[in-house]
Amino acid sequence: MVISTADPASSQRVPSGTFASRYVRDPLPRFKVPKNSMPKEAAYQVINDELMLDGNPRLNLASFVTTWMEPECDKLIMASINKNYVDMDEYPVTTELQNRCVNMIANLYNAPVGDGETAVGVSTVGSSEAIMLAGLAFKRKWQQKRKSQGKPYDKPNIVTGANVQVCWEKFARYFEVELKEVKLKEGYYVMDPVKAVELVDENTICVAAILGSTLTGEFENVKLLNELLTEKNKETGWDTPIHVDAASGGFIAPFVYPDLEWDFRLPLVKSINVSGHKYGLVYAGVGWVVWRTKEDLPEDLVFHINYLGSDQPTFTLNFSKGSSQIIAQYYQLIRLGFEGYKNIIENCIDNARVLKEGIEKTGRFDIVSKDVGVPLVAFALKNSSKYNVFEIAESLRKFGWIVPAYTMPADAQNVAVLRVVVREDFGRSLAERLVSHIEQVVKELDSLPARTAIEASHVDAVVDAVQEENIGGSAAKKIKGEILANVTRQWRRLVENKKTGVC
């Protein structure tokens, strides 16, 4: 056991509280563990003070992740925060709650599971891990089939749209799978099923479709993809399957678009992932992946351990993880039920509509997002000759709003947009207030000279100063060219940084 001791002399210096002590005067440690302890009150205060500079999570309109839960669920989370989920034998009820969640989610996605049968799936720390696991299952299935046929199995590939979240790129790079991307085009910002199927070959382990694009919230046409891929499989003798990345849309479509066929109703859909911490309405740290049948998850990927007290099958990329978010997911599923989720998602859709209409009324923006999909509003400036979406995003920060601006992937990278995700805790009054602040920001930017004009005038002033010092005209022009090139590089770097900021 480690015993920490505080300096008695320093402890005597805080009779009047933290702000009368040296702890608010001395710099906080940044690189090395401090030699001495500090009072718990002081540690709390100085950390809490720094955290005040973070953004307000509820005004973070960049994120799909849940930022509010009911106090009763908060209590359950805190009561279970010290439970390690992997200790299944020690916490059997928590394990049972996870299994119930898997069954409910699989049922929601029309998995072919009979009454009383358990579904095949697992909780993860988010959709990124869920996608890694699903991808590994596809890769192993493909390899096993190729080996049995005596064919090469060293060049697997996966087909996606260029609009996929970065976790798909991570999967491809980490597990040595070629990523074949269907490029986007202006006005069409999701994967084209026709082009996707054209990219499929005998080495394709699966085609990944997105139910709720990160960029625009749009649902990809999984039904059409299933039909086209079925035809190609018949022609070629292949059996290329589909994975649906329903990270954002998996807790939306079943409740408000029940007739939309995207899930296990389509024969080629073999696995689906969803983020519980998005529209599953749980704080960050939980995702789910479910498989159509046991045959779709290769048994040799499942490990069995018994050193924690009993035989425990495990298929995860990590080991220890908290139980709180799993328990919170079960709370939401039984607390809200189908009716509750439906009401919340409908409210989000209505508030997204209010926001969209308000932005359209400004006359300054084109709406890029679609009405059917994740409740969000993505919009682009009609005229960006004087200022751009990045300047608008920057200006909105002064009101507390965190609104991302980014450019689209290839081949629509010339389109830059702002995006507002409408979550459960973003009500109509906030939507109306945001519209008024956008109008205010636009008016302020209208009244200012264009930044490019300011930069150009600054360059001219430098050139004039150089010429006054009797430097030759050619040298002055060279300096002007170097400055302009540097300005261009700075703007390009800004855009590149913004491109990676999509949550």
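The values are calculated or read from the model by the stated rules, or taken from the named source; none is laboratory data. All figures in this text were calculated on a predicted structure; none of them were measured in a lab. Quick reminder, even Gly has a Cβ in these numbers, built from the backbone with ideal geometry, and neighbours come from all protein chains shown. Just so you know, the surface numbers come from the protein's heavy atoms only, side chains and all, with ligands and any DNA or RNA stripped out. Shrake-Rupley method; radii C 1.70, N 1.55, O 1.52, S 1.80 Å.
Points worth noting:
- Matching entry among GLY135, GLY150 (being at pLDDT 95 or above and within 20 Å of the chain's Cα centre (by Cα)): GLY135
- Hits in region 114-143 (condition: acidic (Asp, Glu) and either closer than 24 Å to LEU179 by Cβ or buried (at least 21 other Cβ atoms within 10 Å of the Cβ) (or both)): GLU129
- Residue count for region 220-241, restricted to those that are in contact with a helix residue (DSSP H, G or I) (Cβ under 8 Å, 6 or more places away or on another chain) and either in a loop (DSSP other than H, G, I, E, B) or surrounded by 24 or more Cβ atoms within 10 Å (Cβ to Cβ) (or both): 8.
- Considering region 34-63, and only residues there that are assigned to a loop (DSSP other than H, G, I, E, B) and hydroxyl-bearing (Ser, Thr, Tyr), the residue that is least open to solvent (accessible area, probe 1.4 Å) turns out to be SER63.
- Residue list for region 164-190, restricted to those being surrounded by fewer than 17 Cβ atoms within 10 Å (Cβ to Cβ) and of a type in the set (Lys, Arg): LYS170, ARG173, LYS183, LYS185
- Scanning region 20-33 for residues that are surrounded by 13 or more Cβ atoms within 10 Å (Cβ to Cβ) and assigned to a helix (DSSP H, G or I) turns up TYR23, VAL24.
- Selection from region 64-92 of residues that are in contact with a Pro (Cβ under 8 Å, 6 or more places away or on another chain) and among the small types (Gly, Ala, Ser): none
- Test: residue in region 204-213 that is small (Gly, Ala, Ser) and open to solvent by 10 Å² or more (accessible area, probe 1.4 Å): no
- VAL65 aliphatic (A, V, I, L, M) and touching a Lys or Arg at 6+ places or on another chain (Cβ under 7 Å): yes
- Residues that are touching a residue at least 60 places away in the same chain (Cβ under 8 Å) and more than 22 Å from the chain's Cα centre (by Cα) within region 331-341 comprise TYR331, ARG335, PHE338, listed in sequence order.
- The residue that is nearest to the chain's Cα centre (by Cα), counting only those in region 73-113 that are closer than 17 Å to SER320 by Cβ, surrounded by fewer than 16 Cβ atoms within 10 Å (Cβ to Cβ) and modelled with pLDDT of 95 or more, is ILE81.
- Residues located in region 334-367, provided they are among the polar types (S, T, N, Q) and under 14 Å from LEU434 (Cβ atoms): ASN351, THR362
- Qualifying residue in region 15-25 (condition: of a type outside the set (Asp, Glu), under 37 Å from the mean Cα position of the chain (by Cα), modelled with pLDDT under 90 and farther than 27 Å from SER323 by Cα): yes
- Region 382-411 - residue that is in contact with a strand residue (DSSP E or B) (Cβ under 6 Å, 6 or more places away or on another chain) and among the aliphatic types (A, V, I, L, M) and, of those, most open to solvent (accessible area, probe 1.4 Å): ILE402
- Against the conditions (1) under 18 Å from the mean Cα position of the chain (by Cα); (2) modelled with pLDDT under 95, GLY116 satisfies every one except (1).
- Of all residues in region 83-92 being of a type outside the set (A, V, I, L, M, F, W, C) and touching a helix residue (DSSP H, G or I) at 6+ places or on another chain (Cβ under 9 Å), the one that is farthest from VAL282 (Cα to Cα): ASP89
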